[in-house]
Amino acid sequence: MIHQVDDIPEIVPIFPLRDQVVFPYMVFPLFVGIEGMPVVEEAMSGSQMIGLFFCALSGETCRFEHFAPVGTVCRITQIFRLPEGGAKVMVEGLKRVRLGRAVRRIPFVVAQIEVLEEPVERSLVAEALVQSVNALLKLALAHGRPLPGDVMKMVDRIEDPGRLADLITVYLGVTPATQQRMLEILQPLERLKEVYLLLTSEVQKQQVRGEIQSEVNKRIGKTQKEFLLREQMKQIQEELGDEDPRQGELNEFRRRIEKAGMPAPVLKIAEKELQRLERINPASPEYTVSRTYLEYLCTVPWSRGTEDQLDINRAQQILDEDHFDLKEVKERILEYLAVRSLRKQSKGPILCFVGPPGVGKTSLGRSIARSLGRKFIRVALGGMKDEAEIRGHRRTYIGALPGRIIQEICRAEANNPVFMLDEVDKIGQDFRGDPASALLEVLDPEQNYSFNDHYLDVAFDLSKVMFITTANVLDPIPGALRDRMEMIRLPGYSDEEKEQIAFRYLIPKQIEENGLSDYPLTFDAQAVRRIISDYTREAGVRNLERQIASVCRKLAREITQGGAPRRTVGADLVAQLLGPRKFFSEVAGEEDRVGVATGLAWTETGGDILFVEATRMPGKKDLTLTGSLGGVMQESARTALSFVRSHAREFGIDAALFETSDLHIHVPAGAIPKDGPSAGVTIATAVISLLTGKPARRQVAMTGELTLTGRILPIGGVKEKVLAAHRAGVRTVLLPERNRPHVEDLSTQVLSEMELHFVSSMDEVIAATLLPPPVRYRCPGDLSDPYSPVAGNPA
């Protein structure tokens, strides 16, 4: 019920409206916050009248100049105060008013108002317009325009055009700006005409919308119906609390993408792929391909990594606990830690451990990872022939997967692991590609920050990864790949170093693994030395560990069969448990012979000694070379022979011998391929020994490259060759003078037991190697001499 209008005061408090407009003769609820309560309190303390004016300014305090010029003066009928401090205020619209002069602006606006009287319209035009509007309104309702039932009853009873226009404007759902425009129109017929136009537009829109809907319904096929039913089923399941498995999977992908920490370009691709997945039918093969791709994108640790342990002292302690010696490697790791502690964003190094089997290359990688506090990954490259193993397959192939690099990093769940590429020198190559070439990008610090796996097809940063490769030899590795790696050589161990390793690491480990921890067992030093010298012959300690394990297993068997536990393992017990010795000194039991010199060689398994044998027979200056010699070694033999012929007089050799003799040079064992220039000195010594009849000392081993002028050039693998001589019982070694600095890597124990001579010419080699000829040895040219080495008798 609308009250009669009493005297309206000229000055009232002004309240701003932002989302609605109040019309006369209508009752509205007005929700007022704490900041608006002073305006309401001011109105209640006076005439209970308040002016409601539309303010288009949002989010800021509405000042006087921001109010619309026309508003509605209202009477406050009820106030319901809210617990949070505001109130629900019921207001009754009375009259249109025009905003006049501001009486007060702070803290709220109080202004003069002028009541706007509306003219009364009673004519046939007004009645016809009212009927037309009513008909249009009912037509709008027929097309689905919702309208409360009590409002429709009010419309039927209202005959005044102005009041009818105001009522329909409120429930028509137009914008507040349009409502304000209707409020400012004072002529009732003009206002009702505007309402008629709005209703006409609304009815036309509904008709077009209905026609479109009808046309769409006609065209809906089986797929669309299934989609609609599926959406309805989804809604029903949500209401029941059951989630659609497919939608649940999509939602899970969406959550994982948000948490993955992807770079912006990758995130864009992942979101696009998820949108594509939503459109694909789950029965389609493409669905599985897209789902697997998203699974890998979410699994890759884009921004997850472990925190480095930068305590250098702790790292050194861990490295020393796990490995004996290996000073160069440990220093390099500690240097990296020092740089990381000073510069957080330093790139991971690319290291290559080169050494014979069994020296601890692979286990050293695990130790490095433990000292850094990082995850450890190992991938064996031996026999790998497919380039896709490194870079992955493109998604166009059925069963495509990322390469091993990305797969292993996903399993490690960290983007900065220690990644070991084992046996990089044994990579294969065939029609499927060259994996070594694919590694060029992986192992290049200037490129691997944007490594592109064929499957992911997005860049991944590998610069935080510490790559470690291992190899026995460098020759099979392509030059471009070698150039990208920092080489660290791990030479073989001396017998003394093996003994230390056995007592510190191998024996405690094998006692634990063979169940002897509850039975105190000790190995004495003589027992370990016996195993090293008589049952192993290697640069590393792998076979040494096997022999120690064999001893422990046999002792464990004795215990389980009721025997008394042994407390000490001595040398005699080792011989009893392991049987006859397997290795003998190649030199210790041999005699000095004419035409046989002792050389040193470097092999994949470390160093080794070799014997160069030379013999002579009647012929026409031919040179025969046997023993599976490579091209470089054959050239070294010819160079040595040319040097000897050109200096025959200096060595006391008859030059006529070369005209009437053939020479045969053999390097046992014949089935083992051999190559390299370092045997030149040994071959020349054997030939000079043969042609002068002077025996060469077996206890003197030598190595060095010989030139035509007699100079001796430096060679590689000094430590491995000296250790091989030490293992074989040789105690005198001749090395090139320019290799003098390289013996610093040898232990003091080896240096104290070895006699090293550094030579720069063949004269020094001959002086240190050849003995005087035997008493019964005749002229080398006399082939009838029964004691000639050609006849096969010892010199």
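The values are calculated or read from the model by the stated rules, or taken from the named source; none is laboratory data. Quick caveat: nothing in here was measured; it's all calculated off a predicted structure. Neighbour counts run over all protein chains shown; Cβ positions are idealised from the backbone, glycine included. Surface areas here come from the heavy atoms of the whole protein model, side chains and all, with no ligands, DNA or RNA. Shrake-Rupley method; radii C 1.70, N 1.55, O 1.52, S 1.80 Å.
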(request) Would you compute, from DSSP H runs of 4+ residues alone, the mean residue ellipticity of the chain at 222 nm, taking -39500 (n - 2.57) per run and dividing by the full residue count, rounded to the nearest 500? (result) -12500 deg cm²/dmol
(message) Under the rule that an exposed site lies in a DSSP loop and has at most 10 other Cβ atoms within 10 Å, name the longest stretch of the chain with no GluC sites (Glu not before Pro) of that kind, not counting the sites themselves.
(response) 592-795
(message) Per 0.36 nm of contour for each residue apart, how much would the distance between Lys225 and Ala525 grow if the chain were fully extended, relative to their Cα-Cα spacing?
(response) 99.4 nm
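Assuming R0 = 60 Å, what is the FRET efficiency of Ser642 and Ser747, from their Cβ-Cβ distance, to the nearest 0.05?
Values: r = 39 Å, r/R0 = 0.65.
With a Förster radius of 60 Å, E is 0.95.
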(message) With every protein chain kept in place and ligands, DNA and RNA left out, what is the accessible area per residue of the chain? Probe 1.4 Å, answer in Å².
(response) 50 Å²
(message) Could you tell me the calculated FRET efficiency between Arg98 and Arg395, based on Cβ-Cβ distance and R0 = 60 angstrom, to the nearest 0.05?
(response) 0.25
(request) Convert each backbone phi in the range 183-196 into a coupling constant with the Karplus relation 6.51 cos²θ - 1.76 cosθ + 1.60 (shift: θ = phi - 60°), then list the ³J(HN,Hα) values in order as whole Hz, x for Gly and Pro. (result) 5, 7, 7, 8, 6, x, 5, 4, 5, 5, 4, 4, 5, 4
(request) Pick out, from Ala459, Ala412, Pro478, the residue whose Cα sits farthest towards the positive end of the charge dipole of the range 409-481, with +1 on the Cβ of Lys and Arg and -1 on the Cβ of Asp and Glu. (result) Ala412
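Tell me the net charge near Val733. Cut-off is 14 Å between Cβ atoms, Val733 excluded, with +1 for each Lys or Arg and -1 for each Asp or Glu. Could the numbers behind the result be given before it?
On the way: positive: Arg697, Arg698, Lys719, Lys721, Arg727, Arg731, Arg740; negative: Asp608, Glu720, Glu737, Glu753, Glu755, Glu764.
The answer is +1.
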(message) Students sometimes get this wrong: rank Tyr519, Tyr397 by accessible area, probe 1.4 Å, all chains present, largest first.
(response) Tyr397, Tyr519
(message) On a full-extension model of 0.36 nm per residue, what is the gain between Glu446 and Gln634, subtracting their alpha-carbon distance, rounded to one decimal in nm?
(response) 63.5 nm
(message) Would the range 682-721 count as rounded, prolate or oblate if I go by the C-alpha gyration tensor, calling it rounded below 1.5 in a/c and otherwise prolate when a/b exceeds b/c, oblate otherwise?
(response) oblate
(request) Please work out the Cα center distance from the range 599-656 to the range 411-490, rounded to the nearest Å. (result) 41 Å
(request) Quick one: grab the alpha carbon gyration tensor of the range 334-404, order the square roots of its eigenvalues as a ≥ b ≥ c, and give me rounded if a/c is under 1.5, else prolate or oblate depending on whether a/b is larger than b/c. (result) oblate
(message) If you take log10 I(q)/I(0) by the Debye sum over Cα atoms at q = 0.06, 0.07, 0.11 Å⁻¹ from the coordinates, which of (i) -0.41, -0.56, -1.35; (ii) -0.57, -0.73, -1.22; (iii) -0.67, -0.77, -1.21 do you get?
(response) (iii)
(request) Filter the trypsin sites (Lys or Arg not before Pro) in the range 257-348 down to the DSSP loop ones having no more than 16 other Cβ atoms within 10 Å, then list what survives. (result) Arg304, Arg343, Lys344, Lys347
(request) Compute the length gained on full extension between Gln275 and Glu335: take 0.36 nm times their separation in residues and subtract their Cα-Cα distance, giving the result in nm to one decimal. (result) 16.8 nm
(request) Quote the relative contact order of the chain in percent (integer), defining contacts as alpha-carbon pairs under 8 Å separated by 6+ residues. (result) 7 percent
(request) State to the nearest 20 debye the size of the charge dipole of the range 552-699 about its Cα centre, where the only charges are +1 on K and R beta carbons and -1 on D and E beta carbons. (result) 580 debye
(request) Let me know the whole percent of all Cα-Cα pairs from the range 654-777 that are separated by more than 23 Å. (result) 35 percent
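I'd like the carbon and sulfur percentage of the solvent accessible area for the chain, probe radius 1.4 Å, heavy atoms only, ligands and nucleic acids excluded.
Values: 20200 of 39930 Å².
Ligands and nucleic acids excluded, carbon and sulfur give 51 percent.
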(request) Kindly write out, for the range 377-393 in residue order, the coupling ³J(HN,Hα) from the Karplus curve 6.51 cos²θ - 1.76 cosθ + 1.60 (θ = phi - 60°), rounded to whole Hz, with x marking Gly and Pro. (result) 10, 10, 10, 7, 8, x, x, 5, 10, 9, 4, 5, 4, 8, 9, x, 9
(request) Assuming R0 = 45 Å, can you tell me the calculated FRET efficiency for the pair Met154 and Thr288, based on Cβ-Cβ distance, to the nearest 0.05? (result) 0.15
